[in-house]
Amino acid sequence: MTFDDVLPYLVALGRCVFAVVFVMQILPLLIWAERKGAAYIQDRPGPNRAHVMGIRAAGLVHTLNDVVKLIMKEDIVPGHVEKRYWAAAPVIAMSVALCTFIVVPFGDNFMGYQLKVSDIDGGLLFVLAATGMGVYGVMLAGWASNNKFSLLGGLRASAQMVSYELSMGLSAVVVFLIAGSVSLSAIAEMQAGAIWNWTVFTPMGFIAFVLFWTAAFAETNRTPFDLPEGEAELVGGYHTEYSSLRFALFFMAEYANMIVASSVTATLFFGGYNLPFVTPAQLREHADWVLMAAALAAPTFVYFAYEANKRKQRPFYQALPAGDARLKEPMVFVGLWLGAAVAHVGIGIAGALGLASKLSLNFISFGYLESTAVFGPDLVTAIVGITVLAAKILFGCWFFIWVRWTVPRFRYDQLMDLGWKRMLPLALGNVMFAAIWVAFFPTGLISTLFGSK
Amino acid sequence: MALPAARKMSSGMSAGESIYLVEMLKGLALTMTHIIKNIFDQDRFRTVEYPDVRKSMTERYRGAHRLLLRPDGKVKCVACMCCPTICPAKCITIIAGEDPNDAAEKFPVEFDIDMLRCIFCGFCVEACPKDAIRMDTRIYEINAYTRQAMVHNKTYMVNLMDGLKPPAEEFYRANPDNAPAGFAGDEPAVPVGQPFVNLAAGAEASGAGRAR
Ligand code: SF4
Ligand code: SF4
C-alpha cells in the first residue's frame, strides 16, 4: 500500500475533522456573543467576573466555566423516561446538525481537492433532508421524556418545522432556477465576481432570501419562533428532563444549527466563500497582493490596542485594590493587539517579497524535498475563502442573536398564520416569478442587458 | 336565520405592522444603537460591579445601628425603653442597670438588636430622646454565619464606626440647618473607637461583638 493509496482516506478524514472542528470552535464564541450581546442590548456589562490569572477576555472565560460545570453536573436519568430513545435524542440532534455542514464549500479547490467534506450531487437537497431529520431529535426527546410539557414541546417543534420547511424548500428552488444546479459548489461558483452576481441582489432572490431566512429561524427553533422550548408555558419544552452533558448536546445543537443555517444562507444568497468583485482565479493570480492587503488591517489592531489602553482609566480598574490580578488585563490586551498588528505587517512584508507565489514544499525545506508544485497561491485562496465564509457565517449567527434579544416570541396561531397563509403563497408566487424571470434573462438582469459578466 | 356577520379577529395591528418586517427592522435598529453606544462608552452601564465597586448610599439611608457616646465616653443611652417599646419587630433587648456615680443614673447593661428581625424602619432612632442610637452608618452588608452573631450587642454597636467616617455627623456639621434638634454642632466629636466605660462587670463578656 503506497502513500497515494492512503491519501484519499487521509484527505476525507482531514475534511471531516476540519468541518467538525470549525463548527465546534465557533460554538463557544456564539455562546459568548449571545450573553454579551444580550447584555449590551440591555445596557449591562454582561459576563465579566470569571478570570484566568486576571485575564477575563471580556467574559470569554465564562464559556470555559460552562464546560466544566456541564461536565461536572450530575447526569440525572428520570425514572419515567423511555431510556433508549431518550438517550438517543440529544445525539441525533447534535449529529444531524453537524452532518448538514458537509456539503457546504469552504473555498475554491486547493491543489485540485475540493474544500468541502463531501461532493454529494444532491447538494442542497441533502441540506433540506438533513435539517428535516433534525426534528427527530426534538420529537424523540419530547416523546421519550414521558412528560406532557416535553411532549407539547416536541409536537410544536414538529408542526413548526413541517410548516416552515415548505417555504424554505420553495425559496431554495428559486436559487436552483437561477444557478441551474443543486450543488452548493456550483451555486457558490456562479456567484463569483461582481457583487450583483450574488443571488440576493436579484428581485426573486431577495424575496427568496427573506423567506429562507425567516424559515431558518423556525427550523433552528430560535426566537421569535422558539415555541418548542417556550419556558413561560412549557417549563423547558422538549429538554426539560435533560441535565448535564445531554442538555449540553441540545444546547450545542441549537448553535450548530444556527451555524449551518447561516452557512447555507451565505452560500445560497451571499456568494459563499467569494469576496465581492474578486474571483478565486484573480486571488490566485495576485496572491502576493492579497498578503500585502493583510497589512492594511494593522491600523485597526493598533486602534484596538489604544482602546484597550484607555480602559485602564475606567472607574472599575481605579477601584480595584493594588495587586489585584485583573489590573494587568488592559496591558495584556494592548500587547496582544499590537502583536496582531505586527503579525499583519509581517504578512504584508512576506507578500511584498513575493513569498506567496513561491511557496512550495521544495521552497520551505530549502531544497530537501523534491516536490516543486507551488501551493502558495492556492493556500492564500483557500484561507481567504474560509475567512470570508466564516465572516459571513458569524454575521448570520450574530443576526440570530440580535433578533432574539429584539423581538418577543410569536403566539402559536401567529406562527402558523405566518407560515401557511403568508410565506407559503409568497414562496409559490416567487418560484413562478423566478421561472419567468430566468426565461427572459437567462444570465441575470445586468448581464443580459449590458452584456457584462 | 342569517348568521351574524363574522367578526374579524383583530390583533390590533395596522396593515404595515402585520407584515412584521418593517417593525422588525425598527426594533433591530434600536437594539443596535444600544450595542454601539455601550461598546464605545462602557461607563453608561448602571451596573455596580459590587464587590469591587461599592454603591455609596444616600445620607438618609438606614443602615446598621450604632450607639453614640457622650463626651465623657459613656453611652448616651439612658435605658428609657422608648426604642424597645416602639420597635414593631420587637427586636431590641435592653437590660437596664443603675449607676449612682452618673447624673443619668440609668444605663443599659446590655443592649442587643436582633438584626435578623429588624425591619430597618428607623422608629428606634425617631423615638430616642437622647439621640443615643442612629442608623446613619450606611452599612448594608449585615451578615454572619450564625444566628447568634446576627445579634448586635452594645460593644459592637458602639465600635461599629471604627475606621469609618460617620457620614451623617459630618454632613450635619457642614449643614447645621438640616441637623436634627438634638444635634449640637459645636459638641466636640467623640473620638470613635474609644472604648466605652464599662461599669457593669461582665457586661462586655456577655456577647462578643464581631470583629470587623
Ligand atoms: S429599625 Fe425598627 S425594627 Fe429595627 S430595631 Fe429600630 S425600631 Fe426595631
Ligand atoms: S430610646 Fe434611646 S435612650 Fe431610650 S433606651 Fe433606646 S437608645 Fe436608649
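Derivation of every value follows stated rules applied to the coordinates shown; laboratory data play no part. Given the structure is predicted, the values throughout are model-derived calculations rather than measurements. Here the Cβ positions follow ideal geometry from the backbone for every residue, glycine too, while neighbour counts run over all protein chains shown.
Taking amide H as placed 1.01 Å from N in the peptide plane, the amide H of B:Glu110 sits under 5 Å from that of B:Ile95, each at least 5 places away or on another chain.
For region A:336-441, a crude dipole built from +1 on the beta carbon of Lys and Arg and -1 on the beta carbon of Asp and Glu, taken about the Cα centre, is about 500 debye to the nearest 20. For the listed peptides B:22-32, B:71-81, a ranking on the average number of other beta carbons within 10 Å per residue, highest first, reads B:71-81, B:22-32. Considering only A:Tyr317, A:Asn257, A:Trp405, the residue lying farthest towards the positive end of the dipole of the protein assembly as shown is A:Trp405, judged by Cα position with unit charges set on Cβ. Taking the Cα centre of chain A as reference, the dipole from Cβ charges on Lys and Arg (+1) and Asp and Glu (-1) amounts to some 1260 debye. Under the criterion of Cα pairs below 8 Å and six or more residues apart, the relative contact order for chain A equals 21 percent. Straight-line cross-link reach from A:Lys73 at under 16 Å between alpha-carbon atoms covers these aspartates and glutamates, not counting any fewer than eight positions away in the same chain: A:Glu241. Taking 20 Å as the limit for the C-alpha separation, the pairs A:Lys328/B:Lys37; B:Lys90/B:Lys154; A:Lys148/A:Lys421; B:Lys55/B:Lys76; A:Lys116/A:Lys392; B:Lys74/B:Lys106 exceed it in the case of A:Lys328/B:Lys37; A:Lys148/A:Lys421; B:Lys55/B:Lys76. Taking a span of 20 Å or more along the helix axis (Cα atoms) and a mean Kyte-Doolittle hydropathy of at least 0.0 as the rule, the DSSP H helices of chain A that qualify are A:3-41, A:83-99, A:124-144, A:148-179, A:203-219, A:244-269, A:329-352, A:376-404, A:424-440. Shown here: chain A, whose C-alpha atoms stretch 73, 68, 53 Å along the first, second and third principal axes, sorted largest to smallest. Going from the fewest other Cβ atoms within 10 Å to the most, the residues A:Leu415, A:Leu320 appear in the order A:Leu320, A:Leu415.
The fraction of Cα-Cα pairs per 5 angstrom bin, counted from 0 for region A:157-271, comes to 2, 12, 19, 20, 15, 11, 9, 7, 4, 1, 0 percent, rounded to whole percents. The local environment of A:Ser244, defined by Cβ-Cβ distances under 15 Å, has a net charge of -1 under the rule Lys, Arg +1 and Asp, Glu -1. Considering only the other residues whose Cβ falls under 9 Å of the Cβ of A:Ser145, what net charge follows from Lys and Arg at +1 and Asp and Glu at -1? Around A:Ser145, the charge tally is -2. If the viscosity is 1.567 mPa s and the temperature 4 °C, what Stokes-Einstein diffusion coefficient in µm²/s follows for region A:269-399 when Rh is the Kirkwood radius over Cα pairs? Translational D for this selection: 74 µm²/s.
Between B:Thr47 and A:Ala322, the modelled labels are 2.9 nm apart [label points 7 Å from Cα along Cα→Cβ].
Dipole of chain A computed with +1 at Lys/Arg Cβ and -1 at Asp/Glu Cβ about the Cα centre; of A:Ala87, A:Ala57, A:Val17, farthest Cα towards the positive end is A:Ala57. From the Kirkwood radius over Cα pairs of region A:285-358, Stokes-Einstein at 20 °C and 1.002 mPa s returns a whole-number translational diffusion coefficient of 155 µm²/s. Give me the percent relative contact order of region A:198-243, please, defined on Cα pairs under 8 angstrom at least 6 residues apart. Over region A:198-243, the number comes to 16 percent.
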